[in-house]
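Novice: The structure follows.
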Amino acid sequence: MLTDLLKRNGEWSRQRDSDDPGYFTRLATQQSPEFFWIGCSDSRVPANVVAGLDPGEVFVHRNVANVIHTSDMNLLSTLEFAVDALHIKEIIVCGHYGCGGIKAATEDLPHGLADHWLSPIRNLARQYAIDLAQIPDNESRRDKLAEFNVIESVRRVAETPILQRAWARGADISVHGLIYGLKDGLLRDLDCTVSSGHLEAEAAE
Ligand code: CO
């Protein structure tokens with residue numbers, strides 16, 4: 001299996017270099033991605049592939065069910081690097097329909113450590129219990145919860161001191177919420193973008 005993987009890598013590298021001579025030499029000197037992607041670890045939702053982006057075009061952080069824990073040092077250090085060092089302007093939180101993490105968070109079975117990880121989703125399910133109860137089938141109800149999770153994650157990213165500091169110094173950064181459909185391969189905008197403008201809106205209130 002690993003031998004096959006290394007063989008495919010060798011073929012890919014040769015093909016890439018022949019299509020675009022000097023590609024790797026150029027990319028090795030610096031990265032200047034336009035997007036920072038926070039998504040689910042699910043193997044069916046690879047950021048570069050579903051967004052049609054090449055190596056060097058998207059900086060990525062993934063975890064089970066794209067949960068934002070505000071004390072997650074892994075996420076925070078990646079976010080800080082994206083904002084302060086790479087000067088990324090577009091942050092995307094991307095969830096997906098049919099997410100196993102969302103499903104686990106809605107089950108009454110113990111999942112060990114995952115239950116701790118997924119606790120913000122359980123809280124959301126409680127918070128939106130009335131809305132979710134209107135949806136008759138389990139799959140659609142979980143997909144709605146996946147959307148709520150993206151919207152909540154966007155809010156949490158926007159509330160980090162990293163984003164608040166960046167906006168206070170006038171940086172033009174937007175945090176978007178998208179959801180991906182495993183069944184059609186399409187990304188949908190959940191229209192929950194938070195950008196620097198929200199600080200001015202709050203100040204005017
Ligand atoms: Co998932």
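The values are calculated or read from the model by the stated rules, or taken from the named source; none is laboratory data. Only a predicted model underlies this, so the values are computations on that prediction, with no experimental measurement involved. Using ideal geometry, Cβ is built from the backbone for each residue, glycine included, and neighbour counts are taken over all protein chains shown. In case anyone asks, the SASA skips ligands and DNA or RNA and just uses the protein heavy atoms, side chains included. Shrake-Rupley method; radii C 1.70, N 1.55, O 1.52, S 1.80 Å.
Novice: Considering only the range 169-192, state which residues are closer than 14 Å to F36 by Cα and either aliphatic (A, V, I, L, M) or without any contact (Cβ under 8 Å) to a residue 40 or more places away in the chain (or both).
Specialist: I173, V175, L178
Novice: Right, next: If a residue has to be part of a loop (DSSP other than H, G, I, E, B) and among the charged types (D, E, K, R) to count, how many in the range 93-121 make the cut?
Specialist: The total comes to 2.
Novice: Scan D72, D84 and give me the residue that is over 30 Å from D17 (Cα atoms), over 13 Å from the mean Cα position of the chain (by Cα), surrounded by 15 or more Cβ atoms within 10 Å (Cβ to Cβ) and at pLDDT 95 or above.
Specialist: The unique qualifying residue is D72.
Novice: Kindly indicate which of G185, G95 is within 16 Å of the ligand (Cβ to nearest atom) and surrounded by 21 or more Cβ atoms within 10 Å (Cβ to Cβ).
Specialist: Selected residue: G95, the only one of G185, G95 that is within 16 Å of the ligand (Cβ to nearest atom) and surrounded by 21 or more Cβ atoms within 10 Å (Cβ to Cβ).
Novice: Moving to a separate point now. Select from the range 40-61 the residues that are within 16 Å of the ligand (Cβ to nearest atom), out of contact with any Phe, Trp or Tyr (no Cβ under 8 Å at 6 or more places or on another chain) and under 19 Å from E90 (Cα atoms) and write down the one among them that is least open to solvent (accessible area, probe 1.4 Å).
Specialist: C40
Novice: Would you check if there is a residue in the range 67-85 being within 16 Å of the ligand (Cβ to nearest atom) and in a strand (DSSP E or B)?
Specialist: Within the range 67-85, none of the residues are within 16 Å of the ligand (Cβ to nearest atom) and in a strand (DSSP E or B).
Novice: With respect to E139, is the statement that it is open to solvent by 20 Å² or more (accessible area, probe 1.4 Å) and touching an Asp or Glu at 6+ places or on another chain (Cβ under 8 Å) true?
Specialist: No.
Novice: Let me ask another. Of the residues R155, R141, which is out of contact with any helix residue (DSSP H, G or I) (no Cβ under 7 Å at 6 or more places or on another chain) and of a type outside the set (A, V, I, L, M, F, W, C)?
Specialist: Selected residue: R155, the only one of R155, R141 that is out of contact with any helix residue (DSSP H, G or I) (no Cβ under 7 Å at 6 or more places or on another chain) and of a type outside the set (A, V, I, L, M, F, W, C).
Novice: I'm trying to understand the selection: among the residues of the range 142-157, which are open to solvent by 70 Å² or more (accessible area, probe 1.4 Å) and either within 14 Å of the ligand (Cβ to nearest atom) or not in a helix (DSSP H, G or I) (or both)?
Specialist: Within the range 142-157, no residue meets the criteria.
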